[in-house]
Amino acid sequence: MAQEERLVKLLSLVDVLEPLSEGELRDLAQRCPAFSVWGGEDFYSPERHDSGLFLILEGRVRVYLSDSAGTEVTLDQLASGTVLWARRLEAVEGHAVHVQAVGPTVLAFMGRDDLERFVLNKPEVGLRMMDLLARRLGSTNERMAEIARKEVFSRLASQLLRLLKGEGVVGRQGGQTLPTAYTHEELGAMVGANRVAVTRALGRLQDEGMVEVRRRRIHVGNPEALRGIAERRR
């Protein structure tokens with residue numbers, strides 16, 4: 001019973017499920033049991049998950065492209081409390097699309113048939129899903145345009161602002177801190193650059209007083225000043 005109560009609580013925190021009543025959440029918990037994955041584990045299978053919906057209950061997942069040379073480009077990073085539609089995970093111009101847990105993660109999965117019934121019975125949830133997917137598509141298009149128009153220095157500033165918007169924690173003395181200790185490789189995959197280029201760009205941001213790295217966490221004292229860097233073009 002305690003496990004069921006915990007799952008219902010986690011489901012209630014998922015953004016698109018807010019319109020559901022407690023009874024509807026309990027029914028969903030029974031139909032879509034939670035499962036755990038390890039950090040670094042790729043858990044998406046096209047055969048099993050096509051057109052279904054992952055519910056991210058705890059932890060964080062990364063959607064990324066990889067090519068035959070092993071190069072990875074992060075398309076999205078999603079934290080707990082949201083969803084990932086499996087249908088969007090099709091190959092892009094010959095690059096395989098993967099979904100990986102970033103640290104221990106708890107998920108639930110809703111298959112295509114259950115998802116269709118769910119949306120028909122609860123259209124307000126379907127509308128929330130559409131709005132969410134539209135925003136993510138816009139964000140992805142923005143990032144792809146940045147790779148073409150901006151230097152790594154500005155792209156990194158833009159990505160830090162996006163991360164702050166999604167997970168930034170306001171400090172006692174102002175500014176915001178990213179609670180996740182992102183590696184330079186992870187940041188590079190997000191902005192389409194190698195580790196060396198990201199290390200140089202981050203060092204430059206520190207030299208200009210835009211960011212500080214405290215215990216491997218990035219702190220931004222003045223996000224508006226960082227925004228000025230992000231808007232620079234080639």
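The values are calculated or read from the model by the stated rules, or taken from the named source; none is laboratory data. Everything numeric in this text was worked out from a predicted model, so none of it was measured. Virtual Cβ from ideal backbone geometry, glycine too; neighbours counted across all protein chains shown. Please note that ligands, DNA and RNA were not included when accessible areas were found on the heavy atoms of the full protein model with its side chains. Shrake-Rupley method; radii C 1.70, N 1.55, O 1.52, S 1.80 Å.
When ASP114 is evaluated against the numbered criteria (1) touching a helix residue (DSSP H, G or I) at 6+ places or on another chain (Cβ under 8 Å); (2) closer than 30 Å to ARG204 by Cα, which criterion, by number, is the only one it fails?
(2)
When you look at GLU22, is it exposed (fewer than 13 other Cβ atoms within 10 Å of the Cβ), charged (D, E, K, R) and at pLDDT 90 or above, yes or no?
It is true that GLU22 is exposed (fewer than 13 other Cβ atoms within 10 Å of the Cβ), charged (D, E, K, R) and at pLDDT 90 or above.
Condition (residue is open to solvent by 50 Å² or more (accessible area, probe 1.4 Å), modelled with pLDDT under 90 and not in a helix (DSSP H, G or I)) applied to region 25-36: is it met by at least one residue?
There is no residue in region 25-36 that is open to solvent by 50 Å² or more (accessible area, probe 1.4 Å), modelled with pLDDT under 90 and not in a helix (DSSP H, G or I).
List every residue pair whose Cβ atoms sit under 8 Å apart, with the two residues 6 or more apart in sequence or on different chains, where the first one lies in region 31-59 and is within 22 Å of GLU186 (Cα to Cα) and the second, anywhere, is open to solvent by 70 Å² or more (accessible area, probe 1.4 Å) and not hydrophobic (A, V, I, L, M, F, W, C).
Correct list of pairs: VAL37/PRO104; TRP38/PRO104; GLY39/PRO104; GLU58/PRO104; GLY59/PRO104.
Tally time: how many residues in region 1-27 are of a type outside the set (Ser, Thr, Tyr) and without any contact (Cβ under 8 Å) to a residue 40 or more places away in the chain?
13
Pairs, please: C-beta under 9 Å, at least 6 apart or cross-chain, first residue touching a residue at least 24 places away in the same chain (Cβ under 8 Å) and in region 205-230, second among the acidic types (Asp, Glu) and surrounded by 14 or more Cβ atoms within 10 Å (Cβ to Cβ)?
Close Cβ pairs satisfying both conditions: ILE218/GLU212; HIS219/GLU212; VAL220/GLU212; GLY221/GLU212; ALA230/GLU146.
Take ARG128 and tell me if it is in a helix (DSSP H, G or I), open to solvent by 70 Å² or more (accessible area, probe 1.4 Å) and either touching a residue at least 12 places away in the same chain (Cβ under 8 Å) or on the phi > 0 side of the Ramachandran plot (or both).
In short, yes.
Given the conditions (1) closer than 26 Å to LEU53 by Cα; (2) within 22 Å of the chain's Cα centre (by Cα); (3) surrounded by fewer than 19 Cβ atoms within 10 Å (Cβ to Cβ), and given that PRO123 satisfies all but one, which numbered condition is not satisfied?
(2)
Scanning region 51-83 for residues that are of a type in the set (Asp, Glu) and either at pLDDT below 90 or open to solvent by less than 10 Å² (accessible area, probe 1.4 Å) (or both), which turns out nearest to GLY168 (Cα to Cα)?
Among those that are of a type in the set (Asp, Glu) and either at pLDDT below 90 or open to solvent by less than 10 Å² (accessible area, probe 1.4 Å) (or both), it is ASP76.
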